[in-house]
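This report refers to the structure that appears directly beneath it.
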Amino acid sequence: MNLPSKITICEVGLRDGMQNEPRLFTTEEKVSIANRLIDAGFKVIELGSFMSPKAVPQMANTDEVYRALGKVDGVELRALVANKKGVERAIECGCKKVKLNVSASKAHNLANINMTPEESVSKFKESVELALVNSLEISGSISMPFGSPWEGEIKLEEVEDIVEAYLSLGIEEISLSDASGMAIPNQVYSMCTSMREKYPQVKWWLHFHNTRGLAVANILSAMQAGITNFDSSLAGLGGCPFVPGAAGNVSTEDVVHMLDEMGIETGIDLERTIAIGKEIQEMVEGGTDSYILKAGRSKDLVR
Ligand code: ZN
């Protein structure tokens with residue numbers, strides 16, 4: 001199997017995970033988790049989002065979390081933004097990296113905001129300009145490129161149109177996010193292969209939810225296609241926004257365990273990560289989905 005020797009993981013539990021949890025985490029709790037993640041070797045962490053506190057109360061303290069943590073050398077602390085207001089808040093509290101998001105579903109976009117996905121991306125122009133003038137890094141995300149509950153399959157050309165809209169704004173770091181959990185491994189392999197060939201300048205991230213148990217298989221397929229950057233969430237924290245009660249983000253412990261066992265470098269200390277994951281699991285209601293938190297590492301069985 002031809003696979004990369006090194007993978008970068010972005011821990012998204014503090015944002016994607018927590019925003020889907022009924023429990024509101026305090027600034028102190030978030031800062032403590034972030035510091036422990038940094039100690040465990042994470043180099044990229046999605047710390048929160050700058051959305052309306054009314055719409056996403058779980059993320060209302062993101063500004064405070066950034067202020068309390070300050071700048072951490074060698075660690076990228078990324079946040080999700082939706083518009084210029086979000087970028088302004090990011091600048092204000094010292095956040096240096098923001099990410100925009102658009103749905104790949106034309107039907108979803110037209111119903112919600114009466115715009116196609118490419119039109120939505122073109123509206124990001126002022127956010128991008130403001131970020132760049134203030135030396136913030138900015139990336140873009142495309143959710144549901146592998147399928148949406150609105151139209152089912154999304155055509156590759158439609159996803160390419162969104163990629164090109166981002167490129168025309170100067171964004172060359174793009175995430176493909178399977179928020180609906182509809183991706184399947186052979187589709188992931190072919191989309192990643194074709195995207196990497198067509199847009200070699202792009203730094204790709206892949207973000208899988210484990211809604212149908214396929215997240216780890218999808219990660220492996222993307223790795224075979226040469227992808228080296230993946231999002232995952234502590235303890236599998238988070239839900240699926242479209243399927244109530246379904247599993248959320250792929251668990252960081254499961255991904256790091258697989259990579260460790262395969263001899264692929266992540267720079268992450270799995271034992272420490274498991275300890276943080278277990279603590280979080282106790283803090284949230286209803287349990288979370290992480291095989292490693294249930295079963296432990298396979299090498300711990302050999303005594
Ligand atoms: Zn997600």
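Given a Förster distance of 35 angstrom, what is the FRET efficiency for Met283 paired with Asn186, based on the Cβ-Cβ distance and rounded to 0.05? Don't skip to the end; give the middle numbers.
Working: r = 38 Å, r/R0 = 1.07.
Rounded to the nearest 0.05, the efficiency is 0.40.
Across segment 219-232, coupling constants 3J(HN,Hα) worked out from phi with the 6.51/-1.76/1.60 Karplus curve, θ = phi - 60°, read 4, 4, 5, 5, 4, 5, 8, x, 6, 10, 10, 9, 8, 7 Hz, and Gly and Pro carry x. Students often forget the sequence filter, so: which lysines lie under 22 Å Cα-Cα from Lys30 once same-chain residues fewer than 8 apart are removed? The qualifying lysines are Lys43, Lys54, Lys71, Lys96, Lys97, Lys99, Lys278. In this simple spin-label approximation, Glu88 and Val133 carry label points 7 Å from Cα along the Cα→Cβ vector, and these lie 1.2 nm apart.
The local environment of Val87, defined by Cβ-Cβ distances under 14 Å, has a net charge of +3 under the rule Lys, Arg +1 and Asp, Glu -1. Per-residue surface analysis assigns Tyr189 an accessible area of about 100 Å², computed on protein heavy atoms at 1.4 Å probe radius.
Average projected area of the Cα convex hull of segment 121-192, in nm²? Intermediate results must be reported in sequence, preceding the final value.
Numbers: hull surface 20.5 nm².
Seen from a random direction, the Cα hull of segment 121-192 projects 5.1 nm² on average.
With contacts defined as alpha carbon pairs under 8 Å and 6 or more residues apart, what's the relative contact order of segment 8-301 in percent? Let's see the in-between values first.
Values: 572 pairs, mean separation 52.8, N = 294.
Relative contact order here is 18 percent.
Length gained on full extension, Ala246 to Glu172: 23.4 nm, using 0.36 nm per residue less the C-alpha separation.
Summarising the amide proton neighbourhood of Asn210: residues at separation of 5 or more, or on other chains, whose placed amide H is nearer than 5 Å comprise Gly248, Asn249, Val250.
Of all DSSP beta bridges in the chain, what percent run antiparallel (nearest 5)?
On the way: 3 of 39 bridges.
Among the beta bridges of the chain, antiparallel pairing accounts for roughly 10 percent.
Please work out the FRET efficiency for the pair Glu151 and Val302, using the Cβ-Cβ distance as r and a Förster radius of 41 Å; give the result to the nearest 0.05. After rounding to 0.05, the efficiency reads 0.25. Our estimate of slack between Arg212 and Ala275, defined as 0.36 nm per intervening residue step minus the Cα-Cα distance, is 20.1 nm.
Given 10 °C and 1.306 mPa s, how large is the Stokes-Einstein diffusion coefficient of segment 8-301 in µm²/s, with Rh as the Kirkwood radius over Cα pairs?
It comes out at roughly 83 µm²/s.
Would you tally the net charge around Lys125, using a Cβ to Cβ cut-off of less than 13 Å, leaving Lys125 out, and scoring K and R as +1, D and E as -1? For residues surrounding Lys125, the net value is -2. Taking a probe of 1.4 Å, how large is the accessible area per residue of the chain, in Å²? Spelled out: the 1.4 Å probe surface of the chain, per residue, equals 43 Å². Counting charges near Gln58 (Lys, Arg +1; Asp, Glu -1) among other residues having Cβ under 14 Å from its Cβ returns a value of -3.
Entry note, the chain: the mean residue ellipticity at 222 nm calculated from DSSP H runs of n ≥ 4, each adding -39500 (n - 2.57), is -11500 deg cm²/dmol after division by the residues and rounding to the nearest 500.
With the simple spin-label model, which puts each label point 7 Å out from Cα in the Cβ direction, the Glu197 to Lys6 separation comes to 2.8 nm.
Here segment 17-142 exposes an accessible surface that is 51 percent carbon and sulfur, computed with a 1.4 Å probe and the other protein chains kept in place.
The values are calculated or read from the model by the stated rules, or taken from the named source; none is laboratory data. Here the structure is a predicted model, which is why all the values come from computation and not from measurement. In this analysis, Cβ positions are derived from the backbone assuming ideal geometry, glycine residues included, and neighbour counts consider all displayed protein chains. Keep in mind that these areas ignore ligands, DNA and RNA; they rest on the heavy atoms of the full protein, side chains included. Shrake-Rupley method; radii C 1.70, N 1.55, O 1.52, S 1.80 Å.
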